[in-house]
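Q: Structure incoming, see below.
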Amino acid sequence: TVGAVALDQNGHTAAATSTGGMTNKNYNRIGDTPIIGAGTYANNATCAISCTGHGEYFMRAVVAYDVSCLIEYKGLSLQQACDEVVMQKLVRFGGEGGLIALNKAGEVVLSFNSEGMYRASKKNGEPTFVGIYR
Amino acid sequence: MKNIAIAIHGGAGTITKKNLTPEQDKAYRAGLQEAVTAGHGLLAAGGSALDAVDLAVTLLEDNPLFNAGRGSVFTKEGKHEMDAAIMCGNTLEAGAVAGVRSVKNPIKLARAVLEHSDHVMLSGYGAEDFARNHGLAFAPEAYFFDAHRYKQWSEVRDSAVFMLDHTEQVDAKFG
């Protein structure tokens, strides 16, 4: 699965996700990627999110929209909301994976709870960050 | 420069850091660097966030190292079925496709759904018809073939096991 989130000069955000699914998947199984709110979500008022991991768990936890809701209704920061959903809720569900997120202020969060996570980001004129985790 | 930012990911359950060869590490980093640099360049030039995520994901779809587009894993039938979604944070418009085959860049199809459809999500043959009607590129099965992914699939195709991206050790059944 691959994905991207971005903030442009007009203060608008966007999110995109694309996947080939899981090896040996059957019965036209579909994961969270194309389900708006589960694997992909963007709202200028809160955040933009793209997820990756075991889609079934991301669907049950409605991960992307849940992060947005924690910001909108509970007033959490982007980092707090991502950690709450990925490191607490998703773990309770037994789901492996993570997400990338950013908000209108240009804050970028890379939150994950599993191995083999490939990430990159770049803000303004800062150096490009590329990371391969665990 | 006004505040701009982009972040990308190349999947979960991919080859763990300790098992990457130096050549693989270099190749994956180059793929990530290319996508994030292109997206950032577009933003720096005044492009929209929607165009930036579209571009970054398209580049990752075109790179066989990543499980999307060209690098998609094999299904039980030995085919490639892809899903994609895109959403604009300004308008809250969204487009998504599920279970499409032979579409070269599923993210482009999701974008077309966002821009040219009254619907949010299309699937299967209908989504492919929509792609043809909007002039999107298709590719033959050979375009999506990758020897490493074929080997991974060969190891589990006679079982009920399915795996996340490149998962290295098959020790669980999910779903």
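The values are calculated or read from the model by the stated rules, or taken from the named source; none is laboratory data. In this text, all values refer to a predicted model and were calculated from it rather than measured experimentally. Note: ideal-geometry Cβ built from the backbone for every residue, glycine included; neighbour counts use all protein chains shown.
Q: Among the residues of the range A:1-40, write down those that are within 16 Å of the chain's Cα centre (by Cα) and of a type in the set (Asp, Glu).
A: Within the range A:1-40, A:32 is the sole residue that qualifies.
Q: From the residues in the range B:95-139 that are of a type in the set (Lys, Arg) and farther than 15 Å from residue A:36 by Cβ, which one is surrounded by the most Cβ atoms within 10 Å (Cβ to Cβ)?
A: So, considering only residues that are of a type in the set (Lys, Arg) and farther than 15 Å from residue A:36 by Cβ, the one surrounded by the most Cβ atoms within 10 Å (Cβ to Cβ) is B:108.
Q: What pairs come up if the first residue lies in the range B:34-53 and is closer than 18 Å to residue A:119 by Cα, the second is surrounded by fewer than 18 Cβ atoms within 10 Å (Cβ to Cβ) and among the hydroxyl-bearing types (Ser, Thr, Tyr), and their beta carbons are under 7 Å apart, counting only those six or more places apart or on different chains?
A: Partner pairs satisfying both residue conditions: B:36/A:128; B:37/A:128.
Q: A further question on this structure: Let me confirm something: among A:76, A:102, A:110, A:70, which residue is among the aliphatic types (A, V, I, L, M) and crowded, with 24+ Cβ neighbours inside 10 Å?
A: Result: A:102 is the single residue among A:76, A:102, A:110, A:70 that is among the aliphatic types (A, V, I, L, M) and crowded, with 24+ Cβ neighbours inside 10 Å.
Q: May I ask you to verify whether residue B:85 is buried (at least 18 other Cβ atoms within 10 Å of the Cβ), of a type outside the set (Phe, Trp, Tyr), touching a residue at least 24 places away in the same chain (Cβ under 8 Å) and over 27 Å from residue B:148 (Cβ atoms)?
A: It is false that residue B:85 is buried (at least 18 other Cβ atoms within 10 Å of the Cβ), of a type outside the set (Phe, Trp, Tyr), touching a residue at least 24 places away in the same chain (Cβ under 8 Å) and over 27 Å from residue B:148 (Cβ atoms).
Q: Could you tell me whether residue B:58 is crowded, with 20+ Cβ neighbours inside 10 Å and more than 7 Å from chain A (Cβ to nearest Cβ)?
A: When the stated conditions are applied, residue B:58 passes them.
Q: Select from the range A:75-134 the residues that are in contact (Cβ under 8 Å) with a residue 24 or more places away in the chain, touching a Cys at 6+ places or on another chain (Cβ under 9 Å) and not in a helix (DSSP H, G or I) and list them in ascending order.
A: Answer for the range A:75-134, where residues must be in contact (Cβ under 8 Å) with a residue 24 or more places away in the chain, touching a Cys at 6+ places or on another chain (Cβ under 9 Å) and not in a helix (DSSP H, G or I): A:97, A:98, A:99, A:100, A:101, A:102, A:103, A:104, A:107, A:109, A:111.
Q: Could I ask something else about it? For the structure I just gave you, tell me whether residue A:10 is among the polar types (S, T, N, Q) and either buried (at least 24 other Cβ atoms within 10 Å of the Cβ) or within 7 Å of chain B (Cβ to nearest Cβ) (or both).
A: Judged against the criteria, residue A:10 is not a match.
Q: Just one of the numbered conditions (1) at pLDDT 95 or above; (2) more than 11 Å from the chain's Cα centre (by Cα); (3) within 30 Å of residue B:20 (Cα to Cα); (4) aliphatic (A, V, I, L, M) is not true of residue A:132; which one?
A: (1)
Q: Go through the range A:40-69 and report how many residues are within 7 Å of another protein chain (Cβ to nearest Cβ) and small (Gly, Ala, Ser).
A: Of the residues in the range A:40-69, 4 are within 7 Å of another protein chain (Cβ to nearest Cβ) and small (Gly, Ala, Ser).
Q: From the list A:85, A:91, exactly one residue is more than 7 Å from chain B (Cβ to nearest Cβ), over 23 Å from residue A:130 (Cα atoms) and in contact with a helix residue (DSSP H, G or I) (Cβ under 6 Å, 6 or more places away or on another chain). Which is it?
A: After applying the criteria, what remains is A:85.
Q: Next question. Of all residues in the range A:17-60 being of a type in the set (A, V, I, L, M, F, W, C) and closer than 15 Å to residue B:93 by Cα, which is surrounded by the fewest Cβ atoms within 10 Å (Cβ to Cβ)?
A: A:45
Q: Another one. Collect the residues in the range B:134-143 that are outside any loop (DSSP other than H, G, I, E, B) and out of contact with any strand residue (DSSP E or B) (no Cβ under 9 Å at 6 or more places or on another chain), keeping them in residue-number order. Please lay out each step first, then the result.
A: Initially, the range B:134-143 is screened for residues outside any loop (DSSP other than H, G, I, E, B), giving B:138, B:141-143.
B:141, B:142, B:143 - these are the residues of the range B:134-143 that are outside any loop (DSSP other than H, G, I, E, B) and out of contact with any strand residue (DSSP E or B) (no Cβ under 9 Å at 6 or more places or on another chain).
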